[in-house]
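Novice: Would you mind keeping the following structure in view while I ask a few things?
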Amino acid sequence: MLLKVGELAKHTGLTVRTLHHYDAIGLLAPSARSDAGYRLYNAADIGRLHAIQALRLLGLPLAEIGGLLGAESGSLPTIIQRQMASLDQQIAQATALRERLGLLSQRLAEGAQPDMKDWLVTLEQMTTYGRYFSPAEIQSVMANWRTVADRWPPLIADVAALMARGVPADALEVQPLAFRWMSLMGQWMDGNYDLVTRWGEMYRREPVARRDDGPPAEMIDYIGEAIGLRMAALLRHLDTEDFARLGKPPEDEWRRLGDELAALQARGASPEDEAVQAIALAWVRLFEAFTDHDPALAARLMKAMATEPVLQAAAVVGPAVRDYLLQAIAVLQQKSSATGPATP
């Protein structure tokens, strides 16, 4: 099938003048002419025209396109693949932009109409977040914030009180707050260790990312040192892959079970008591879920808790209740095939 220049122009959306120009500069010469001298284009010509337009969309000037079409890199399949990759990139950029605009719209809708300063600060924050997180991650972080927002102010106040008293960051007294800080960050970031790390990096490097009511830089350094001691103790027994597999620490559930155990212990209940055994079983199941149902991972974490004073300082139950729980778990294991005893 042969097309006249006018027909080709109509099908491609180009002008006849453009096709004449391509012919004049030797970029696209028709393969045939009619008896009347009209330009006639065949399938190969149309394929070459597609390649020309694809390269133009990629930003190449006409002067360079002719040379490329003569090379292997200018073959039609290669050019189509290159064009598809370029379009994929444009789609990804447009999708990311739309998602960020949606997040921005949502954030602005949650408060009063912002003034120019608020608008600029919000835009700057969104741009900053975009350097560290994908739009989907930003959306998750912002959505999760509402579930932890009311728990940050009291924690920040407790850390500030220790700092005001001059308690050094490496004191065991700081460890319960370091544990609370890590647990709260884990809940905020869906237990994603990589997200927690990137958020900390952004918070330290980017002042615009810090909330007015958020912790000051000196507090971040203070609690960061305490968390560093805790992490060093854990890393003597676990690796980063282990951290990625750990779930959200069920701190509230463990604390509730610990209070119930303490009450039973105070009443003189035996570790074999039915109520104590029920609590031990609930604790084991929580611990198994927390350690991804991996007995080896559970054993490593148990050893860390049993041998590292810095970790014991932040345990959700005291030493007496802990020993009582371990006795109950030992009895439980004798009665069943349950594995992976949990260390509080």
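The values are calculated or read from the model by the stated rules, or taken from the named source; none is laboratory data. In this text the structure is predicted, and so the values were computed from the model without any measurement. Cβ sites come from the backbone with ideal geometry, for glycine too, and all protein chains shown count toward neighbours. Please note that ligands, DNA and RNA were not included when accessible areas were found on the heavy atoms of the full protein model with its side chains. Shrake-Rupley method; radii C 1.70, N 1.55, O 1.52, S 1.80 Å.
Novice: Among the residues of the range 60-79, write down those that are among the aliphatic types (A, V, I, L, M) and at pLDDT 75 or above. Please lay out each step first, then the result.
Specialist: Initially, the range 60-79 is screened for residues among the aliphatic types (A, V, I, L, M), giving 60, 62-63, 65, 68-69, 71, 76, 79.
Once the filter is applied, which keeps residues that are among the aliphatic types (A, V, I, L, M) and at pLDDT 75 or above, the range 60-79 yields LEU62, ALA63, ILE65, LEU69.
Novice: Among the residues of the range 1-41, write down those that are in contact with a helix residue (DSSP H, G or I) (Cβ under 8 Å, 6 or more places away or on another chain) and in a loop (DSSP other than H, G, I, E, B).
Specialist: Those that are in contact with a helix residue (DSSP H, G or I) (Cβ under 8 Å, 6 or more places away or on another chain) and in a loop (DSSP other than H, G, I, E, B): MET1, LEU14, THR15, ILE25, GLY26, LEU27, LEU28, ALA29, PRO30, SER31, TYR38.
Residue-by-condition table, conditions (1) touching a residue at least 40 places away in the same chain (Cβ under 8 Å); (2) under 22 Å from LEU155 (Cβ atoms); (3) surrounded by 19 or more Cβ atoms within 10 Å (Cβ to Cβ):
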| site | (1), (2), (3) |
| --- | --- |
| GLY186 | yes, yes, yes |
| THR197 | no, yes, no |
| ALA209 | yes, yes, no |
| GLY214 | yes, yes, no |
| ILE227 | yes, yes, yes |
| GLU253 | no, yes, no |
| ALA282 | no, no, no |
| PHE287 | yes, no, yes |
| ASP292 | yes, no, no |
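Novice: Another question, then. Considering the range 17-37 alone, what residues qualify as being charged (D, E, K, R), more than 13 Å from LEU3 (Cα to Cα) and open to solvent by 40 Å² or more (accessible area, probe 1.4 Å)? Spell out how you get there, then give the answer.
Specialist: Keep residues of the range 17-37 that are charged (D, E, K, R), which gives 17, 23, 33, 35.
Keeping just the survivors that are more than 13 Å from LEU3 (Cα to Cα) gives 17, 23, 35.
Once the filter is applied, which keeps residues that are charged (D, E, K, R), more than 13 Å from LEU3 (Cα to Cα) and open to solvent by 40 Å² or more (accessible area, probe 1.4 Å), the range 17-37 yields ARG17, ASP35.
Novice: Given (1) within 18 Å of ARG210 (Cα to Cα); (2) touching a helix residue (DSSP H, G or I) at 6+ places or on another chain (Cβ under 8 Å); (3) at pLDDT below 90, identify the lone condition not met by LEU155.
Specialist: (3)
Novice: Need pairs with beta-carbon distance below 9 Å; first residue of a type in the set (Lys, Arg) and within the range 14-37, second open to solvent by less than 30 Å² (accessible area, probe 1.4 Å); sequence gap 6+ or separate chains.
Specialist: ARG17/ALA9; ARG33/LEU40
Novice: Somewhere in the range 132-142, is a residue in contact with a Lys or Arg (Cβ under 6 Å, 6 or more places away or on another chain), surrounded by 13 or more Cβ atoms within 10 Å (Cβ to Cβ), assigned to a helix (DSSP H, G or I) and in contact (Cβ under 8 Å) with a residue 60 or more places away in the chain?
Specialist: Taking the range 132-142 as the starting set, the residues that turn out to be in contact with a Lys or Arg (Cβ under 6 Å, 6 or more places away or on another chain) are 132, 135.
Going one step further and asking which of them are surrounded by 13 or more Cβ atoms within 10 Å (Cβ to Cβ), we end up with 132, 135.
From the residues that got through so far, the ones that are assigned to a helix (DSSP H, G or I) too are 132, 135.
Going one step further and asking which of them are in contact (Cβ under 8 Å) with a residue 60 or more places away in the chain, we end up with 132.
Yes, the range 132-142 contains at least one residue that is in contact with a Lys or Arg (Cβ under 6 Å, 6 or more places away or on another chain), surrounded by 13 or more Cβ atoms within 10 Å (Cβ to Cβ), assigned to a helix (DSSP H, G or I) and in contact (Cβ under 8 Å) with a residue 60 or more places away in the chain.
Novice: Within the range 6-44, work out how many residues are more than 54 Å from the chain's Cα centre (by Cα) and either under 17 Å from ARG56 (Cβ atoms) or aliphatic (A, V, I, L, M) (or both).
Specialist: Selection size over the range 6-44: 4.
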